[in-house]
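So the structure is just underneath, and the comments pick up after that.
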Amino acid sequence: MSETTAPIPPIQLTQDEKAYAGLAHALMISTWWIGPLVTYLIRKDSRFVAFHAMQALLWQIIFTILYFVGFAAWFALIISTVALHPQNAPNQSFPIAVFIAMPFFWLLIMGCYAISLTLGIMYCLKAMRGEWAGYPVIGRWARKIVGI
């Protein structure tokens with residue numbers, strides 16, 4: 001006869017913990033990494049809040065790095081286009097590569113903002129319901145950092 005073990009009862013979360021966890025995700029939309037960092041530092045004693053704030057913080061760090069790399073690539077394109085364009089050419093035309101690449105960079109930046117907005121809203125609602133929902137890859141990193 002095999003014994004079945006009862007599932008471990010979930011930790012009872014307070015409304016404060018749910019609110020702070022949701023706030024970490026909501027603040028990342030408007031304050032980037034500062035809101036989740038402040039939330040993490042204020043409520044790191046709660047594993048639930050620390051987990052959600054760390055996820056939002058890690059996403060914003062990755063997003064900020066991608067943002068600056070994208071702008072560095074954009075400025076490198078502009079500088080290289082202007083530097084390689086001959087100034088004294090008789091049939092001087094404006095470097096068209098800047099105008100061709102601009103929509104792609106704009107779409108990339110707006111796509112990243114849309115992803116960040118979607119993640120912020122989705123995981124804010126999940127945290128407010130008391131779910132231990134994790135971002136696809138970042139959730140595992142946050143669990144390791146927080147110690148869950």
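The values are calculated or read from the model by the stated rules, or taken from the named source; none is laboratory data. These numbers were taken from a predicted model, which means no experiment stands behind them. Backbone-built Cβ (ideal geometry, glycine too); neighbour counts: all protein chains shown.
Summary of computed values
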| quantity | calculated |
| --- | --- |
| Any hit, the stretch 111-129, residues being at pLDDT 90 or above, closer than 23 Å to LYS18 by Cβ and not in a helix (DSSP H, G or I) | yes |
| Meets criteria (out of contact with any His (no Cβ under 8 Å at 6 or more places or on another chain), of a type in the set (A, V, I, L, M) and at pLDDT below 85) for ILE42 | no |
| Qualifying residue in the stretch 66-83 (condition: within 12 Å of the chain's Cα centre (by Cα) and either loosely packed, with under 14 Cβ neighbours inside 10 Å or assigned to a helix (DSSP H, G or I) (or both)) | yes |
| Candidate set: the stretch 130-141, residues that are more than 13 Å from the chain's Cα centre (by Cα) and assigned to a helix (DSSP H, G or I); chosen: the one farthest from THR64 (Cα to Cα) | ARG140 |
| Selection status of PHE51, buried (at least 22 other Cβ atoms within 10 Å of the Cβ) and among the hydrophobic types (A, V, I, L, M, F, W, C) | yes |
